[in-house]
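What follows draws every value from the coordinates through simple rules; no lab data is involved. What you see is a predicted model; the values in this text were computed from it and never measured. All Cβ positions, glycine included, derive from the backbone under ideal geometry; neighbour counts span all protein chains shown.
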Amino acid sequence: MVETAVRKNFWIRAGDYECTQPTPVRQIAVLKHYQKKISQKHDEPIRMLYVCGSEVLDELVAVQSDGCCLWTHAEIKELLQKHGLIVLKRGRTHPSQTIYLTDVLRQYQKNIYVIEDETFPNDLRCSRIRTALRRGESVKYCLDDDVIEYINDHNLYQTNS
């Protein structure tokens, strides 16, 4: 599906590293893999940045019900030291506040780029799209027609009932 989504884009490519691994792979491992691969291809160090919505930034540092975080402190530190973070501001989130209030984020804030589009704010999330699809609602103007066709052809995100 990702290949279908980026097929018409000349500057974004889909990789299959995660799909070809026998077990789930942490995002930091994916970044390291592609940074090494692309740096070797171009014979120079390439810096990979992790792109996410601001709700994901909150989730990176939030303590879960089991007392753990989604990312370890060491993973967050490595992400920010060796890679970097591009955060797309979403509605009702405050990434600057999250960065300020979280010591490790604050320490490496020079490697965090917050993007806020005030003209056309983006609050679109994959979870909302999956919910709409599960409910049979249209996502026509949210996804490329080829992606919608792929989802329908493979019966993805349908209700189990």
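On alpha carbon coordinates alone, what is the Rg over Rh value for the range 51-122, Rh being the Kirkwood radius? Walk me through the numbers on the way to the answer.
Values: Rg = 12.1 Å, Rh = 12.5 Å.
My calculation puts Rg/Rh at 0.97.
First select every other residue whose beta carbon is under 10 angstrom from the beta carbon of residue 90; then total the charges, Lys and Arg +1, Asp and Glu -1.
Numbers: positive: 89, 92, 125; negative: 55, 58, 116, 123.
Local net charge: -1.
Only Lys, Arg, Asp and Glu count, each charged at its Cβ (+1, +1, -1, -1), so figure out the dipole size of the chain about its Cα centre, rounded to 20 debye.
Details: 22 positive and 22 negative charges, 60 e Å.
About 280 debye.
Loop-located trypsin sites (Lys or Arg not before Pro) across the range 75-136 with a Cβ neighbour count of 11 or fewer within 10 Å are 92, 135, with loop assigned by DSSP. Rounded to the nearest 500, the helix-only mean residue ellipticity at 222 nm of the chain stands at -11000 deg cm²/dmol, with each DSSP H run of n ≥ 4 adding -39,500 (n - 2.57).
At most 12 other C-beta atoms within 10 Å and a DSSP loop state: those are the exposed GluC sites (Glu not before Pro) I care about. Give me the longest piece of the chain that has none. Don't jump to the answer; show the numbers that get you there.
Values: sites that count: 118, 137.
Answer from the scan: 1-117.
Taken over the Cα atoms of the range 1-48, the convex hull encloses 89 Å³ per residue.
Between residue 101 and residue 138, the simple label model (points 7 Å from Cα in the Cβ direction) yields a spacing of 3.9 nm. For residue 69, the residues 5 or more places off, or on other chains, whose built amide H falls under 5 Å of its own are 64.
Label-to-label distance for residue 113 and residue 78 is 2.3 nm, based on points extended 7 Å past Cα in the beta-carbon direction.
With springs only between Cα atoms under 10 Å apart, run a GNM on the chain and tell me which of 81, 40, 107 wobbles the most. In the Gaussian network model the winner is 40.
Antiparallel as a % of all DSSP beta bridges within the chain, to the nearest 5? Expressed as a percentage, antiparallel bridges in the chain total about 10. Sites listed here are trypsin sites (Lys or Arg not before Pro) in the range 7-57 whose DSSP assignment is loop and whose Cβ has at most 15 other Cβ atoms within 10 Å: 7, 8, 13, 26, 47. All Cα-Cα distances of the chain, cut into 10 Å bins from zero to the largest, leave 9, 29, 37, 23, 3, 0 percent in each bin in turn.
Past the 27 Å Cα-Cα mark, which pairs from 32/110; 37/82; 41/89? Each step should come with its number before you reach the end.
On the way: 32/110 20 Å; 37/82 15 Å; 41/89 32 Å.
Beyond 27 Å: 41/89.
Modelled this way, with points 7 Å down the Cα-to-C-beta line, the labels at residue 30 and residue 120 are 2.5 nm from one another.
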